[in-house]
Amino acid sequence: MISEIPFNKAYLTGKEADYFNRVLYIGSLSGKEIFGGKCLDFFSNRYTFKNAHLTTSCTSALEISAILSGIKQGDEVILPSYTYVTTATAFVLRGAKIIFADSLKENPNIDVSEIEKLITPKTRAIVAVHYAGIACDMDRISALAAKYNLFVIEDAAHAIDAFYKNRPLGSLGHFGALSFHETKNITCGEGGLLILNDDRFFERAEIVLDKGTNRRAFMDGQINKYEWVDLGSSFRLSETAASFLLAQLEAINFIQQRRLVIWNRYFNELKELDPDGLVKLPVIPDYAEHNASIFYLVCNHAVTRAGLIARLSEKGIAATFHYQPLHLSPYYLSQKNERLELPNAELFGDCLVRLPLYPSLTDKDVDFIVSEVKNSIREL
Ligand SMILES: *Cc1c(COP(=O)(O)O)cnc(C)c1O
C-alpha cells in the first residue's frame, strides 16, 4: 500500500527556483562561480572550516580524500562495517584493503577500543562515520592516529551542523566529507562538501578537483597554459546545484530546529515504552551534540523489527531499516576475505529501524507515529 506518511520528504524553502533562475539569467553554469562561492562563504562563516570545496557528492569528497592521503595498492584502511558502501569503495578504488571494525554496543559508531588491535605496519587511515550525526569519540581516534602516524577521514555524510565538544563535525580529522543527497538534512539532490583541515593538501586538492590539471594556477595568471599534472577527476558541484544548495543553507536554522523538535518529541514519548526490552532508543554520548539526522530504534531481534515495520506499514507509516553490514556483502566476501564476526554491526543491520523525520512532518503526524509504535510493541 502507498504510505500516507512517507519515510522522507525533501524540504523546499521556496527560494530554490528563484536562485536557479538567477543562474540561468547569469548564464554561467559550471562550478565555483557565484552561488558555489556563496555556499563556501556560508561554511567558512558558520563553521570556520579552513578550506572546503563543493563536490558532486560525499562519495566524491571521500574519493578525493583517498587520493590526497596517498592511499595505494596494499595499504590498509580501518572503517566501521556498519556504514554506506562508498565509505569503503572510495578507498578500494585506490587499491586499499579494508579492515572492518565493529560498532559500539550503544550506537552504530566505530568502537574505538577495537581499533588499535587492527593497526598494522600497512595501516594508513581510519575513517570515522558519525552515524545519525552523532559524533564518534574523536579525541581517542585522533590520539591513535597521532601515535601510529595515520590519516583520519570523517565521513560526516549525516553530520552537517552536528558537533563534538562544540567543534563542528568534519573539522576534526585531516579530511571531512558532508553529503547533500536528497536523504540528508540539507540537500541539492546530489552534492557534497570536502573539508580540508591540514594545509599540506590545499594546493593539491585544487588540482585533483580540476581533473588533474593546474587550471587553478592558470586562472590565477601564474602560468600561461594548463596541463595534466596529477591524478584527478570530475568532482566539482555545478552552479545549478549550488544555487539550490544556497537556498537550503540559508534556511538551515529553521530546518535544524524543526528536525530537533521532532527528534526530541519521538525520544521523550518513546523513552518510557520499554518494559520488556523489545526496543532501545539512541544513546547520545556527552561529547556529542547531534543534528536530528535520523531517529532510530533498535529492536531486540530481527523478527521484532520485521513485525514493527509491517505493522507501521499497515497504518500507512513508512519506517525502514538501514545498512547491511559491509563485511557480509557479496562483494567483500567474493574478494576471498574471511568471514568476520562483528556482532554489534550485525545487530544494527538486523534490528535498527528508522522512523520518518523531515521538517514538514507535523506534530500530529509524530503523535500518530508514536502511538502506532506503542501499539505495535504492545502487540508484538
Ligand atoms: C549518504 C552517505 C554517503 C554518500 O553520500 P553521497 O552524497 O550520496 O555520495 C556516504 N556515507 C554515508 C555514511 C552516507 O550516509
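Placing unit charges on C-beta atoms (Lys and Arg positive, Asp and Glu negative, everything else neutral), compute the dipole magnitude of the range 156-242 about its Cα centre in debye, rounded to 20. Spell out each step's value before the answer.
Values: 10 positive and 12 negative charges, 29 e Å.
Its charge dipole is roughly 140 debye.
Between the helical axis of 34-47 and the longest alpha-carbon principal axis of the chain there is an angle of about 60 degrees.
Could you order peptides 6-14, 301-309 by the average number of other Cβ atoms within 10 Å of their residues, highest first? Please report the intermediate quantities before stating the final value.
On the way: 6-14: 14.8, 301-309: 17.4.
The packing order, highest mean first, is 301-309, 6-14.
Computed over protein heavy atoms with a 1.4 Å probe, the carbon and sulfur contribution to the accessible area of the chain reaches 52%. Quick one: check the C-alpha center-to-center distance for the range 129-204 versus the range 235-257, whole angstrom. Between the Cα centre of the range 129-204 and that of the range 235-257, the gap is 18 Å.
Rounded if a/c is under 1.5, else prolate if a/b is larger than b/c, else oblate: which is the range 1-140, with a ≥ b ≥ c the root eigenvalues of its Cα gyration tensor? Could the numbers behind the result be given before it?
Working: a/c = 2.24, a/b = 1.57, b/c = 1.43.
Because a/c hits 1.5 or more and a/b exceeds b/c, the range 1-140 counts as prolate.
The order of the peptides 138-144, 286-292, 61-67, 358-364 by mean Cβ neighbours within 10 Å, most packed first, is 61-67, 286-292, 138-144, 358-364. Residue-wise HN-Hα couplings along the range 233-250, as the Karplus relation 6.51 cos²θ - 1.76 cosθ + 1.60 with θ = phi - 60° gives them from phi, are 6, 8, 10, 7, 6, 6, 5, 4, 5, 5, 5, 5, 5, 4, 4, 5, 4, 5 Hz; Gly and Pro carry x.
I want the antiparallel fraction of DSSP beta bridges within the chain, as a percent rounded to 5. The partial results should precede the final answer.
Values: 25 of 42 bridges.
Among the beta bridges of the chain, antiparallel pairing accounts for roughly 60 percent.
What the Cα atoms of the range 136-235 give is an Rg and a Dmax of 16.2, 47 Å.
Quick one: which of LYS280/LYS315; LYS97/LYS117; LYS315/LYS374; LYS15/LYS38; LYS105/LYS336; LYS72/LYS97 span more than 18 angstrom between C-alpha atoms? Intermediate results must be reported in sequence, preceding the final value.
Working: LYS280/LYS315 22 Å; LYS97/LYS117 16 Å; LYS315/LYS374 13 Å; LYS15/LYS38 15 Å; LYS105/LYS336 28 Å; LYS72/LYS97 9 Å.
Beyond 18 Å between Cα atoms: LYS280/LYS315; LYS105/LYS336.
When both bridge partners sit in the range 103-199, DSSP labels roughly 50% of those beta bridges antiparallel.
Considering only ALA177, ALA205, ALA159, the residue lying farthest towards the positive end of the dipole of the range 158-219 is ALA205, judged by Cα position with unit charges set on Cβ.
The dipole here belongs to the range 239-323: it is taken about the Cα centre, uses +1 on the Cβ of Lys and Arg and -1 on the Cβ of Asp and Glu, and is about 260 debye. Given the chain reduced to its alpha-carbon atoms as identical point scatterers, what log10 I(q)/I(0) does the Debye formula return at q = 0.07, 0.12, 0.13 Å⁻¹? Result of the Debye calculation: -0.32, -0.94, -1.09.
What is the packing order of peptides 195-208, 85-98, 170-183, taking the mean over residues of other C-beta atoms within 10 Å and listing the highest first? Could you put the intermediate results ahead of the total?
On the way: 195-208: 17.6, 85-98: 19.9, 170-183: 24.4.
By packing density, highest mean first, the sequence is 170-183, 85-98, 195-208.
A dipole drawn for the chain from +1 and -1 charges on Cβ atoms has a positive end, and of VAL261, TYR331, ILE5 the residue lying farthest that way is TYR331. Charge dipole of the range 223-367 (Cα centre as origin; +1 on each Lys and Arg Cβ, -1 on each Asp and Glu Cβ, all else neutral): 280 debye, rounded to the nearest 20.
Can you give the relative contact order of the chain as a percent, counting alpha carbon pairs under 8 Å and 6+ residues apart? Before the final figure, lay out each step's value.
Details: 780 pairs, mean separation 84.7, N = 380.
Worked out over the chain, it gives 22 percent.
The values are calculated or read from the model by the stated rules, or taken from the named source; none is laboratory data. Keep in mind that what you see is a predicted model, and the values were worked out from it rather than measured. Here the Cβ is made from the backbone with ideal geometry for all residues, glycine too, and neighbour counts use every protein chain on show. These area figures cover heavy atoms from the full protein model, side chains too; ligands, DNA and RNA do not enter into them. Shrake-Rupley method; radii C 1.70, N 1.55, O 1.52, S 1.80 Å.
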